[in-house]
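The values are calculated or read from the model by the stated rules, or taken from the named source; none is laboratory data. In this text, all values refer to a predicted model and were calculated from it rather than measured experimentally. Neighbour counts run over all protein chains shown; Cβ positions are idealised from the backbone, glycine included.
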Amino acid sequence: MPNITINHIAVVVEKIDEALPFWRDALGLPLSKTEDVPSEQVQVAFLDVGESHIELVQPTTEDSGIAKYLAKKGAGMHHICFEVDDIEAALAHMREKGVELINDSPKERNGRRYAFVHPKSTGGVLVELYERIIQT
């Protein structure tokens, strides 16, 4: 398996503004930015934790995947994202180990490639693999 670090933990929230008093104010995590992601129908707030981030994810439509998740499971942890140096190698390694993947090949957006691992293979946790293709 290639080098791996925690990139972020995504938390689904009903409203980012209502979640910030805990994450930003009580915990003291700095809010680095917010971003609309129309392709995923979400708004995301990024809070820094060392070299990693907490991502607060709010649906922007009632029929998005995140909105459906929120309606079914409620607010809370959505996924953990591991950053890898080579996502193709990581996916190949997972396939060799019999891991069920949601994405057989990586998707690409905003200078990164990413793919999800099915919670059936992880003990119930949605896992995202992430590779930077443009350094920030």
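Going by the conditions given, is residue 66 of a type in the set (Val, Ile, Thr) and either under 20 Å from residue 6 (Cβ atoms) or at pLDDT below 95 (or both)?
Working: of a type in the set (Val, Ile, Thr): yes; either under 20 Å from residue 6 (Cβ atoms) or at pLDDT below 95 (or both): no.
No, not satisfied.
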> Would a scan of the stretch 65-78 turn up a residue that is free of Cβ contacts under 8 Å to residues at least 40 places away in the same chain and in contact with a Leu (Cβ under 8 Å, 6 or more places away or on another chain)?
Replying inline: no
>> Looking at 121, 105, can you tell me which residue is surrounded by 15 or more Cβ atoms within 10 Å (Cβ to Cβ) and hydroxyl-bearing (Ser, Thr, Tyr)?
In response: 121
> Which members of the stretch 110-132 meet the condition of being of a type outside the set (A, V, I, L, M), free of Cβ contacts under 8 Å to residues at least 24 places away in the same chain and assigned to a strand (DSSP E or B)?
Replying inline: 112
